[in-house]
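Remarks on the structure that follows.
Read the figures in this text as sums done on the coordinates, not as results from a lab. Computed from a predicted structure; not experimentally measured. Here Cβ is always computed from backbone atoms with ideal geometry, including for glycine, and neighbour counts include all displayed protein chains.
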Amino acid sequence: MAIVTFSAPSLDKDITVYAVAGDNKTLLGVAKQHGIAIPCQCQDGECGSCLVKVTVLGDKAPLAVHLTDKEKLTLSVNGKLTKAHLENAETNDLPPPYRLACQYIVRGEDILVEFSGEPGVEIDLRR
Ligand code: FES
């Protein structure tokens, strides 16, 4: 069981839900299940509209590090995945800050998911 907290300017307040780990549900699927509108167009890792920032909470080693090839390509093309982020993910098991909700498989770890509410636009972290 993972606790997933969604935070966005488009939400009245942060929304925290439980997600069952191991049922291969994407972050986008969890959001939809709970009526949380993360922008999404292709739902297949190609458009980048479902961009979210994911922070792993707690002090355990992150689990959801793996990026699909589509996620790598789309994030890179959109400037949200640097070479250093990718190297850290692939060699040091450190997840990059930005992910695609339609590609991210929820694992058994608590996470904070922040998104702007605008397709492909990163959350303004200065707020
Ligand atoms: S909805 Fe297009 S990349 Fe996720």
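Overview of results
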{"quantity": "Estimated [θ] at 222 nm from DSSP helical runs (n ≥ 4, -39500 (n - 2.57)) normalised by residues in the chain, nearest 500", "calculated": "-5500 deg cm²/dmol"}
{"quantity": "Rounded to 5, percent antiparallel among DSSP beta bridges of the chain", "calculated": "75"}
{"quantity": "Neighbour-limited loop hits for trypsin sites (Lys or Arg not before Pro), the stretch 1-110 (at most 12 other Cβ within 10 Å; DSSP other than H, G, I, E, B)", "calculated": "Lys13, Lys60"}
{"quantity": "Gaussian network model of the chain, Cα within-10 Å springs - most flexible of Leu57, Leu75, Leu67", "calculated": "Leu57"}
{"quantity": "Shape call, the chain: gyration tensor on alpha carbons, a/c limit 1.5", "calculated": "rounded"}
{"quantity": "Spatially near lysine pairs across the stretch 2-114, Cα under 28 Å, sequence gap of 8 or more or different chains", "calculated": "28"}
{"quantity": "Shape call, the stretch 3-76: gyration tensor on alpha carbons, a/c limit 1.5", "calculated": "oblate"}
{"quantity": "Near-label residues of the stretch 1-42 by backbone N, under 15 Å of a point 7 Å along Cα→Cβ of Leu57", "calculated": "1-8, 13-20"}
